[in-house]
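Scroll down for the structure; my scribbles are underneath it.
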Amino acid sequence: MTLLLIALNVLIYFGYQGGDSAREAKAVESYLQAGLLSRERSLFIQSFSARHELTASATTQLEHVRRNQMARMVLYDLQFENSIHNNSDYLADNNWQAQRSKVEQLRDQISSMRFGFIPARFSVEGLFGAMFLHGSFAHLAGNMLFLFIFGFALEIALGRWLYLGLYLTCGVASHLLWWVMDPAWITGVGASGAISGLMGMYLALYGLRRINFFYWLGPMFGYFRAPALWILPVWMGKELYGLFMANDNTNYYAHLGGLGAGFVAIYLAQLGNRLSVDQDYLNKTDPDAEFKRELTGLDKQIASFELEKASTRGLAMLERYPSRPELLEKLYSLALNRQDKTLLSAVLKQLFKLPDSAQSLLLFKRLAADSTAAQQSLLRHPNVQLHLLQRLLRLDQGASALASWRLLCKTKQRPPMLPAMTLQLAKQLGRQQDLKAVAELSQFLNRTYPDSEQTAQIGIYLQHLNNH
């Protein structure tokens, strides 16, 4: 659902709002061609200067603004438009009304005018539509970043439909607070209110649970853990300061409304036990945390040459954490260096039970390489080599399997499946164009199993390779 919301916002911005420049140009051209600027210019300058308390020099600068720019200012100034609609001269002039009505219809095709939220001109379309519009790419990117950060965690914890419902509710609540507190003639767009609501929900859900906070103080930066709720007064303080002290275009009412709605909705639902939340996700801990701690302890013992203690600890860990490649790799090296038969047997038993993976393949290839050393009598045991050969053949590792096959051929009691494995190995080596190795396998079968079906097949296969 979070990805869908992000995709929808991006699609609307590039697919729909991308045409706003053409719509605006058409409205401005129509306004100028109708001669409305000549009629309204002095009224606009007087109104704008009074409302913004311009100095005489600033008013003079406004008077010299280019026609196109002045027309844009007039068309987007909804408070001036409202005053025009109540102007006695305007009301008495049907031609003026008709011309302006036509221009306003064109202007209202611009996305922010059609679906933006204007508190002084309340509309349901604006109430919902504004949260899917953005004023610039930077505005869109910033909002989508925070939607990405908070959205996924909340969607998993709350479920997609409750999450979506609360997202929309917070967006609506942010506009309603603005409408109640400051019914201005200003167009508001953006998902900021809804996303502030996500932060409110996040804080209410995590409450006093400790989460990571990033800090940056000059040359020092890092993370500290603190209850999630600590951020609420900090954020609220920032928004209230902006509301009363800052002189910018940020809609702090929308931020406060969304944040408050999100926090209150989750808090009240939890208070009445009406909220079904994935508590396992909220209280998530690393399932491997204990294993990682023990693995670190094992590493320290090995590094300190406390090898006997490490071996004892390793056997216990194999029982608690079976089939862990990272553990098997460490204990394999330890057992091999100490020639610890008990530990090595336990490691090999679990190693051969590992599922096929890149990590297990590396371990099997290492085992095959180590088995070539004459002093590794534990590894060269026929049972170990039989399991290793079967696994390497299954993984299509003919080159590594050849060494295990040679060791098995030297044993007094050869396994019954050796002819079949020899033929399988020959086919793998043949695909690698290793004709010398295939000939070696063929000679072995002819010498040891002259009447077997595999002997006849490998002879035909070798002849085929030689002919091609």
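The values are calculated or read from the model by the stated rules, or taken from the named source; none is laboratory data. For clarity, every value in this text was computed on a predicted model and none was experimentally measured. For neighbour counting, all protein chains shown are included, and Cβ atoms are generated from backbone atoms with ideal geometry for every residue, glycine included.
For every residue, the table says whether it meets (1) charged (D, E, K, R); (2) over 20 Å from Ile6 (Cβ atoms); (3) surrounded by 17 or more Cβ atoms within 10 Å (Cβ to Cβ); (4) free of Cβ contacts under 8 Å to residues at least 40 places away in the same chain.
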position	(1), (2), (3), (4)
Gln99	no, yes, yes, no
Leu106	no, yes, yes, no
Gln109	no, yes, no, no
Ser136	no, no, no, yes
Leu140	no, no, yes, no
Cys170	no, no, yes, no
Ala173	no, yes, yes, no
Leu176	no, yes, yes, no
Q: Would you mind stating whether Arg67 is touching a Leu at 6+ places or on another chain (Cβ under 7 Å) and of a type in the set (D, E, K, R)?
A: yes
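A quick yes/no check of all residues on (1) over 30 Å from Gln339 (Cβ atoms); (2) in contact with a His (Cβ under 9 Å, 6 or more places away or on another chain); (3) assigned by TED's automatic domain parsing to the domain that holds Ala335; (4) in a helix (DSSP H, G or I):
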| position | (1), (2), (3), (4) |
| --- | --- |
| Ser377 | no, no, no, no |
| Ala399 | no, no, no, yes |
| Thr422 | yes, no, no, yes |
| Gln433 | yes, no, no, no |
| Ala439 | yes, no, no, yes |
| Thr455 | yes, no, no, yes |
Q: Run Tyr223 past the list (1) modelled with pLDDT of 85 or more; (2) in contact with a strand residue (DSSP E or B) (Cβ under 6 Å, 6 or more places away or on another chain); (3) surrounded by fewer than 18 Cβ atoms within 10 Å (Cβ to Cβ) and report the number of the one that doesn't hold.
A: (1)
Q | Contacts under 6 angstrom Cβ, first residue in the range 69-80 being outside the structural domain of Ala27 (by TED's automatic domain parsing), partner among the basic types (Lys, Arg), 6 or more apart | A | none
Q) Which of the residues that make up the range 20-40 are assigned to a helix (DSSP H, G or I) and either in contact with a strand residue (DSSP E or B) (Cβ under 7 Å, 6 or more places away or on another chain) or touching a residue at least 40 places away in the same chain (Cβ under 8 Å) (or both)? A) Asp20, Arg23, Glu24, Lys26, Ala27, Val28, Ser30, Tyr31, Leu36, Arg39, Glu40
(Q) Which numbered condition in (1) closer than 19 Å to Pro382 by Cα; (2) among the polar types (S, T, N, Q); (3) out of contact with any Cys (no Cβ under 9 Å at 6 or more places or on another chain) is the only one that Thr448 fails? (A) (3)
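I'd like to know if the range 201-210 contains one or more residues that are modelled with pLDDT of 85 or more and not hydroxyl-bearing (Ser, Thr, Tyr).
Within the range 201-210 (the criterion being modelled with pLDDT of 85 or more and not hydroxyl-bearing (Ser, Thr, Tyr)), the answer is yes, since at least one residue qualifies.
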Q. Out of His64, His52, which single residue is free of Cβ contacts under 8 Å to residues at least 40 places away in the same chain and within 47 Å of the chain's Cα centre (by Cα)?
A. His52
Q. If we keep just the residues of the range 418-435 that are over 12 Å from Leu445 (Cα atoms) and of a type in the set (A, V, I, L, M), which is farthest from the chain's Cα centre (by Cα)?
A. Leu435
**Q.** Residue satisfying all of: in the range 343-364; surrounded by fewer than 16 Cβ atoms within 10 Å (Cβ to Cβ) and not in a loop (DSSP other than H, G, I, E, B); farthest from the chain's Cα centre (by Cα) among these
**A.** Ser345
